[in-house]
Amino acid sequence: MIRLSPGAATLALLLALAGCGASAPSDEAPARAHDDHHADPHGDDESRAGATVIPDAVARDIGLRTAPAGPGTIADQHEVQGLLTTLESGNARVTARFPGPVRRLHAELGDVVRAGQPLATIESNLSLSTYVVTAPISGTVLAREAAVGQVAGEGAVLYQIADLSTLWVDLHVYGRDAEHLAPGSPVTITRLGDGATADTRIERVLPATATASQSTVSRARLDNADGQWRPGAAVRALVTVSMRDAALVVPLAALQRMDDENVVFVREGERYETRVVALGRRDAHQVEILDGLAAGDAVVVEQSYTIKADLEKAGAAHAH
């Protein structure tokens with residue numbers, strides 16, 4: 001049994017319904033949705049793996065979209081590992097002013113507090129009266145190092161608070177790769193858990209080498225207003241060190257593999273044909289096309305996998 005993807009199943013159903021609108025005369029063969037022998041407008045029949053006809057209404061229903069192939073730029077990118085840390089200016093250590101037992105604690109680990117909010121009540125051994133320790137900054141409680149009844153010495157750390165609205169991304173770069181990184185270089189940060197991304201730029205390269213890893217550390221600021229990025233988390237980063245012009249590019253989403261070849265699908269009216277393409281450089285978003293396309297060709301850039309599934313389904317049916 002051949003199992004189709006949801007997109008391919010939808011396409012197959014809609015194509016079947018589209019073909020039910022009128023019956024062909026008995027002495028005529030019905031129009032074929034697939035044609036493996038249509039003349040290639042580029043003069044190379046062997047560069048095509050097949051074609052299919054998709055009515056415009058069906059294409060709209062399945063979300064199929066095309067865009068003209070044309071010139072663009074390919075980013076020269078280096079992938080490095082990163083670690084999220086708090087800004088030094090956004091950290092605060094909350095301490096006891098006078099020695100004495102802790103009578104009450106007003107915040108717990110993970111609480112978001114505002115500047116001036118009470119955090120602890122301590123009975124002073126000097127005056128035998130209580131005083132309140134307040135938060136010096138707004139932020140999140142990262143550590144609580146005191147307990148009720150504990151005698152806090154003068155200057156003892158009770159809490160650690162950090163403003164997490166902005167974080168550092170420490171990018172660890174090894175060897176000669178460090179020569180390519182400089183302040184101002186664009187960086188795309190990717191969260192390992194869910195693949196979420198954020199764009200920023202390198203702000204500074206630290207003068208010293210990280211002792212444990214012997215790596216050069218470059219730093220970029222990361223906006224964390226929504227609180228979704230966590231200090232201490234590892235991230236993946238793509239650092240763009242240069243941009244190179246390319247005569248013809250398409251989005252990576254347009255690219256598919258069929259019969260061990262790289263292909264894209266080109267629209268001509270309601271007909272979508274397969275083009276085998278030769279690839280050049282690529283980055284995280286697009287790829288350079290060296291052969292197989294011409295500027296202006298309407299390339300399928302969304303739902304290309306649905307056309308692939310439909311062609312493979314048709315090929316399997318012909319094989320039987």
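Just so it is clear, none of the values below were taken in a lab; they were calculated from the coordinates. Since this is a predicted model, take the numbers as computed values, not measurements. Here Cβ is always computed from backbone atoms with ideal geometry, including for glycine, and neighbour counts include all displayed protein chains.
Against the empirical 2.2 N^0.38 Å scaling, what ratio does the C-alpha Rg of the range 88-162 come to?
Details: Rg = 11.5 Å, N = 75, 2.2 N^0.38 = 11.3 Å.
So the range 88-162 has a normalised radius of gyration of 1.01.
What are the equivalent ellipsoid semi-axes of the range 48-141, built from the alpha-carbon gyration tensor (square roots of five times its eigenvalues), in whole angstrom, biggest first?
Working: eigenvalues 826, 75, 23 Å².
Over the Cα atoms of the range 48-141, the ellipsoid semi-axes are 64, 19, 11 Å.
Note the full-extension length gain between Glu302 and Val241 as 0.36 nm times their separation in residues minus their Cα-Cα distance, in nm to one decimal.
On the way: separation 61, 0.36 × 61 = 21.96 nm, distance 2.88 nm.
Between Glu302 and Val241, full extension yields an extra 19.1 nm.
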Contour minus Cα-Cα span, Asp260 to Asp199, at 0.36 nm per residue, comes to 18.5 nm
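If R₀ is 56 angstrom, what is the calculated FRET efficiency for the pair Gln117 and Glu268, using the beta carbon separation as r and rounding to 0.05? The partial results should precede the final answer.
Values: r = 66 Å, r/R0 = 1.19.
That gives a FRET efficiency of 0.25.
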Using eta = 0.890 mPa s and T = 25 °C, Stokes-Einstein with Kirkwood Rh from Cα pairs puts D for the range 233-320, in µm² s⁻¹, at 168
Cα-based Debye curve of the range 116-156 sampled at q = 0.14, 0.33 Å⁻¹ gives log₁₀ I(q)/I(0) of -0.35, -1.35
For the range 254-299 the GluC sites (Glu not before Pro) that pass both the DSSP coil test and the at-most-14 other-Cβ-within-10 Å test are Glu270
Of the range 229-266, those with amide N under 17 Å from the point 7 Å along the Cα→Cβ vector of Ala278 are 246-250, 261-264
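Under a Cβ-Cβ cut-off of 12 Å, what is the net charge of the residues other than Val173 that fall near it, where Lys and Arg count +1 and Asp and Glu count -1?
On the way: positive: Arg176, Arg219; negative: Glu79, Asp170, Asp177, Glu179.
Local net charge: -2.
How big is the dipole moment of the range 88-162 about its Cα centre under a simple scheme where the beta carbon of each Lys and Arg is +1, that of each Asp and Glu is -1, and everything else is neutral? Debye, nearest 20, please. Walk me through the numbers before you get to the answer.
Working: 6 positive and 6 negative charges, 27 e Å.
Dipole size: approximately 140 debye.
I need Lys308, Lys313 ordered by Cβ neighbour count within 10 Å, fewest first.
Working: Lys308 22, Lys313 18.
In order of increasing Cβ crowding within 10 Å: Lys313, Lys308.
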Restricting to Cα pairs under 8 Å and 6 or more apart, the percent relative contact order of the range 186-273 works out to 24
